[in-house]
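Reading through the structure tokens given below for one structure.
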Amino acid sequence: MKGLLAIILCISLVFGILTISYAQKYPSPSQYSTIADYKKATGKDIKSFSEAPMLAELVKQGKLPPVDKRLPAEPLVVVPVEEVGQYGGTWRAALLGRADTAWLTRTVDYEGLLRWSPDFTTPIPNIAKSYRVTDEGRTFTLSLRKGMKWSDGQPFTADDILFWYEDVLMNKELTPTIPKWLTTDGQPVKVEKVDDYTVRFKFTQPNGLFTQRLATPDGLGLIIPKHYMKQFHIKYTSKEKLDALVKEKQLADWFSLFSNMNDSWMNPDRPVVNAWKVVVALGTGPRCVFERNPYYWKIDIAGNQLPYIDKVSYDIVESVDVAVMKALNGEIDMQDRHIGAIANFPLFADKKNQEKGNFRLFYTIPTGMNTMVIAFNLNHKDPVLRKIFNEKRFRFAMSSAINRKEIIDLVYLGQGEPRQPSPLPESPFYHEQLSKAYIEYNPTLANKLLDEIGLKRGPDGYRLRPDGKPLAVTIEVATISQQWIDACELVKRYWEAVGVKTAIKTMDRSLFYSRKAAAEHDIAIWGGDGGMEVLLEPRWYFPFSAESNHAPLWQLWYNSGGKSGEEPPPEVKKQMQLYDEITKTTSFAKQKLLMKQILDIAAKNLYVIGISSNPRGFGIVKNNFRNVPEEMFGSWLYPNPAPTNPCQYFFKK
């Protein structure tokens, strides 16, 4: 915390401002899995329950059962960050286009079997009230909550998990490729129903990362309402009926229908276990709205059923600038996504703007290791460009040509240090050689390396490919970060100074994703995930997932077990084999040793190029919007702010 305040003070002095946040840190523990656990730890008991006035009225009208009949036998007890809250209000936020669904996951859709503790150290109970790991890490037994219900009042039981396993995961049409985290030795996990409220996951080998992965957004896919979704599944519904539904929805097949109807943001009829349920679906207008789930299964320490807030409403905006203006005008109640860039800090830290918008700031600790990752497409469809991009001296040259200090000063307000994509110094996996590889601004070296590999200059000063055509590259960047775009303008200048003609192409996130998935890009820009959560998010260290923008076809080969994509070169295959060994051991010492070998290969090859360390992020929160911690981690695998329990946020009257 002292380091964060020092950064804030430093920036404040530069801009002649000083901002003080009066929110709180998250409590420890942040929750108790059951009332019995709460009583054992505190000596206090919870013997009765209360509910939101809007639900009490429905109970009075006979439209809902009483609150004690809607809660499970053992509800999860959430400890408020500041105080027991008050019911009511609508949380206003913004989405940057229809594809910005990550903000929905981070706010209203993080309810898996396990969740991260707010300090990002431990997977803790959530839908599962407890879990046991046995058989040297091969078997995981999870106990569910008796009496827990979906948002339509139907029971949530082990049958829902079995439906996900037997009818979704193991169905080739719905799941052509089983995610690697659910396999060992290429064999999928086996899931057994022990009883109505107990499920067992069994692997052929130890799965050293399984509980951590369950706590990430990856674990959300396991939660599917069988009683509702079976009507769209070929096993439970006749082909004739499904064909009619497919035709009605103007889709191609039954499994496309299933996927569409399983989308809890776009289908208001799909039951959920989340605190809020969609009532105005995403994509149906300029706004997406969620309303409280009357069967939500968490309470506070006073026995009040959560959530406190009635509704969450997202305006769909066309640009970050619009989101920034809405926040400054007081039209957003709590958000960090998109608006919390360091370039916007002077605007939001200014006292006059805070008074006008009636907001304060909270801060995010980035777990990402780089402000911007430059990924050359090593699977390029043009064989000449593919050969150039796969020449590591070319990547060394392009990295050496970048003036990182100038980018840091001009784009990131002087905050950050030059570095490559690599684990953070605070991580036990820190790798100094990779972090510092070719980060020195050295255009002389860049020119020397480009000359060495035969990329001669033409009459106009730009370099030529081996086939005599101009060497021209295009940087593709999604319009979700003005900082990325600004930094790319500088990179273009540096690269052209060493003779590589460079263009910048900005595009909507959905188009960006479709192009890089099809390996149609030259160079893709994205953020540097995986600075602390190294074992769970090694996307930049080797072609681990669809987010490994530098090798989309190699990762496809890896994740399909060689059935799709393209077979990578030996060194990359070695990295993949090493990672598979990591997942099979529960020994952290062994995991650390294996990960070092992966990073050694990455340092030798510099598959992707970075710019700088991340400055601390921030978000805005209205002054009457309470129970938001003053500081939280910022990561996709810790989908902030979700691990801080948004269900306990409230408006203070």
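The values are calculated or read from the model by the stated rules, or taken from the named source; none is laboratory data. Fair warning: this is a prediction, and the values are worked out from it, not measured in the lab. All Cβ positions, even for glycine, are placed from backbone atoms using ideal geometry, and neighbour counts span all protein chains on display.
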Those residues of the stretch 71-93 which are under 20 Å from Pro155 (Cβ atoms) and either in a helix (DSSP H, G or I) or in contact with a Ser or Thr (Cβ under 8 Å, 6 or more places away or on another chain) (or both) amount to Glu74, Pro75, Leu76
Go through the stretch 79-123 and give me each residue that's among the aliphatic types (A, V, I, L, M), surrounded by fewer than 21 Cβ atoms within 10 Å (Cβ to Cβ) and over 16 Å from Gly221 (Cβ atoms).
Val79, Val84, Ala99
Which condition breaks for Ile178 when tested against (1) part of a loop (DSSP other than H, G, I, E, B); (2) more than 24 Å from Val534 (Cβ to Cβ)?
(2)
Suppose we keep only residues that are of a type in the set (Gly, Ala, Ser) and in contact with a helix residue (DSSP H, G or I) (Cβ under 8 Å, 6 or more places away or on another chain) within the stretch 538-588. Which one would you say is nearest to Tyr513 (Cα to Cα)?
Ala546
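Look through the stretch 324-346, keep the residues that are in a helix (DSSP H, G or I) and at pLDDT 95 or above, and return whichever of them is surrounded by the fewest Cβ atoms within 10 Å (Cβ to Cβ).
Here the residue is Met325.
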What tally of residues in the stretch 267-285 results from selecting those that are within 20 Å of Gly89 (Cα to Cα) and not β-branched (Val, Ile, Thr)?
5
Among (1) touching a strand residue (DSSP E or B) at 6+ places or on another chain (Cβ under 7 Å); (2) of a type in the set (Phe, Trp, Tyr); (3) assigned to a helix (DSSP H, G or I), there is one condition Phe201 misses while meeting the rest; what is its number?
(3)
Which of the residues that make up the stretch 76-100 are within 23 Å of the chain's Cα centre (by Cα) and of a type in the set (Phe, Trp, Tyr)?
Trp91
Tell me, please, whether a residue that is under 20 Å from the mean Cα position of the chain (by Cα), on the phi > 0 side of the Ramachandran plot and surrounded by 19 or more Cβ atoms within 10 Å (Cβ to Cβ) can be found in the stretch 520-531.
yes
If you go through the stretch 94-110 one residue at a time, do you hit one that is among the aliphatic types (A, V, I, L, M), part of a loop (DSSP other than H, G, I, E, B) and more than 21 Å from Pro268 (Cβ to Cβ)?
no
Quick one: Asp167 ticks every box in (1) crowded, with 21+ Cβ neighbours inside 10 Å; (2) outside any loop (DSSP other than H, G, I, E, B); (3) among the acidic types (Asp, Glu) bar one, so which box is it?
(1)
Can you find a residue that is in contact with a His (Cβ under 6 Å, 6 or more places away or on another chain), among the aliphatic types (A, V, I, L, M), more than 22 Å from Gly186 (Cβ to Cβ) and buried (at least 16 other Cβ atoms within 10 Å of the Cβ) anywhere in the stretch 593-604?
yes
Which pairs turn up if I take residues in the stretch 212-223 that are outside the structural domain of Ala102 (by TED's automatic domain parsing) and in contact (Cβ under 8 Å) with a residue 60 or more places away in the chain and look for partners that are among the charged types (D, E, K, R) and part of a helix (DSSP H, G or I) with beta carbon separation below 8 Å, at least 6 apart in sequence or on another chain?
Gly219/Arg213; Ile223/Asp160
Answer yes or no as to whether Thr107 is among the β-branched types (Val, Ile, Thr), within 27 Å of Gln187 (Cα to Cα) and either touching a residue at least 24 places away in the same chain (Cβ under 8 Å) or not assigned by TED's automatic domain parsing to the domain that holds Gly340 (or both).
no
How many residues does the stretch 275-317 contain that are closer than 22 Å to Asp100 by Cα and surrounded by fewer than 22 Cβ atoms within 10 Å (Cβ to Cβ)?
15
Inter-residue pairs, beta-carbon under 6 Å, first among the small types (Gly, Ala, Ser) and in the stretch 597-611, second assigned to a helix (DSSP H, G or I), 6+ apart:
Ala602/Leu434; Ala603/Gln433; Ala603/Leu434
Scanning the stretch 1-34 for residues that are polar (S, T, N, Q) and outside any loop (DSSP other than H, G, I, E, B), the one modelled with the highest pLDDT turns out to be Gln31
Going by the structure shown, is Val320 in contact with a His (Cβ under 7 Å, 6 or more places away or on another chain), assigned by TED's automatic domain parsing to the domain that holds Val84 and of a type in the set (Val, Ile, Thr)?
yes
Output for the stretch 470-488, where each listed residue is modelled with pLDDT under 95 and either among the hydroxyl-bearing types (Ser, Thr, Tyr) or surrounded by fewer than 17 Cβ atoms within 10 Å (Cβ to Cβ) (or both)
Thr479, Ser481
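From Asp37, Asp68, grab the single residue that is within 32 Å of the chain's Cα centre (by Cα), surrounded by fewer than 20 Cβ atoms within 10 Å (Cβ to Cβ), outside any loop (DSSP other than H, G, I, E, B) and not aliphatic (A, V, I, L, M).
Asp37
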Unmet requirement for Met398, which otherwise passes all of (1) surrounded by fewer than 24 Cβ atoms within 10 Å (Cβ to Cβ); (2) over 28 Å from the mean Cα position of the chain (by Cα):
(1)
Could you look through the stretch 489-517, keep only residues that are in a loop (DSSP other than H, G, I, E, B) and at pLDDT 95 or above, and pick out the one that is nearest to Tyr462 (Cα to Cα)?
Gly499
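Please go through the stretch 339-365 and pick out each residue that is basic (Lys, Arg) and either at positive phi or in contact (Cβ under 8 Å) with a residue 60 or more places away in the chain (or both).
Correct list: Lys351, Arg360.
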Residues that are in contact with a Phe, Trp or Tyr (Cβ under 9 Å, 6 or more places away or on another chain), among the polar types (S, T, N, Q), closer than 22 Å to Asn171 by Cβ and not in a helix (DSSP H, G or I), drawn from the stretch 250-283:
Asn262
